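Worksheet for the structure shown next.
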Amino acid sequence: MSFKVLITFKFFQNWIEKIKEHAEVITWNEERAPDKKWIIDNIKDVDGLLCTLINKIDKEIIDSAKKLKVISTYSVGYDHIDVKYAKSKNIKIGYTPEVLTETTADLIFGLLLAVSRRIVEGDKLIREGKWNIPWQPDFLLGYDVYGKTLGIIGMGRIGKAVARRAKGFNMRIIYNSRTPKNDVEAEFVTLDQLLKEADFVVVTVDLNESTYHLINEERLRLMKPTSFLINASRGKVVDENALIKALKEKWIAGAAVDVFENEPISSNHPLVRFNNVVLTPHIGSATIETRNKMAEIAVNNLLNGLLGKKLIYEV
Ligand code: DGY
């Protein structure tokens, strides 16, 4: 067989078989991420790399790959790849946008509802045998979502999908992004204004040099004590220590977080201590349908790259 492919995460067997129709495959089979040495040792003579967000593909790895034509990442985010360097070496980079947009927006809306209506707290209370009083007027009170102001930071595909859902909740939608968009029914505002006015601040930007710790102490201080922060983009967009301080000192009402600065987090992580925080383990795109569609695109990006064809989605 003329091509060789390296897969650096535990991937679906049926899709590995598909790649095997075209290439010899070396694959990582454990749930933890391989260390850098394993990737370097195995990437030397491969033509294609199939990776995901748990694999940091830096200059050293790219330099070790002498024949690499294509890097296909099984993710929409590509902050784990040194894109500029790979491109300077004429390596194509494929990714999986669009197919996960609605799924991720569903999770964001779910987090928003869960944290504002204290759904997880209520569930926990029952499971722990602590629902021992009858219905009370002031029991487990949350905040309304319907008719409130939603602030979306980053009005890309996912931001727009969140906005569409918010329409059904009769929300006023304000947003901030690099440039105003003419295809959304929402009001473009400055980031400061958004933070000051929104009842729900939803972060949907990708991680890059300009968005690293975009939500820092100074910006969290602008939020209202009755407002919530929801992040399902990348952990490093929010300064986690600043968020912990904001929660401790009650600058905000709560947060819902799907992504963290260093994943996975343990049960000792400071965010776990807050009842007004809903935590999920980076599952924005985690549905059977979407993960399968992502696999189809990632595999086709990879194969097209090997065969010198146009990628389905190229960075
Ligand atoms: C991505 O694709 O980048 C998400 O974080 C996981 O689906």
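The values are calculated or read from the model by the stated rules, or taken from the named source; none is laboratory data. These numbers come from a predicted model, not from an experiment. Ideal geometry is used to build each Cβ from the backbone, glycine not excepted, and the neighbour counts take in all protein chains shown.
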Look at Val299 and say whether it is in contact with a helix residue (DSSP H, G or I) (Cβ under 6 Å, 6 or more places away or on another chain), away from the ligand (no atom under 14 Å from the Cβ) and either small (Gly, Ala, Ser) or not in a loop (DSSP other than H, G, I, E, B) (or both). yes
May I ask you to list pairs of residues, at least six apart or on different chains, whose Cβ atoms are under 9 Å apart, with the first in the range 24-36 being charged (D, E, K, R) and the second being assigned to a helix (DSSP H, G or I)? Lys36/Glu60; Lys36/Ile61
How many residues, within the range 277-296, are assigned to a loop (DSSP other than H, G, I, E, B) and surrounded by 18 or more Cβ atoms within 10 Å (Cβ to Cβ)? 3
Selected residue [within 16 Å of the ligand (Cβ to nearest atom) and farther than 17 Å from Val115 by Cβ] from Leu214, Leu207, Leu222: Leu207
Sort through Val315, Val277, Val299 and tell me the only one that's modelled with pLDDT of 95 or more, more than 30 Å from Val25 (Cα to Cα) and among the aliphatic types (A, V, I, L, M). Val277
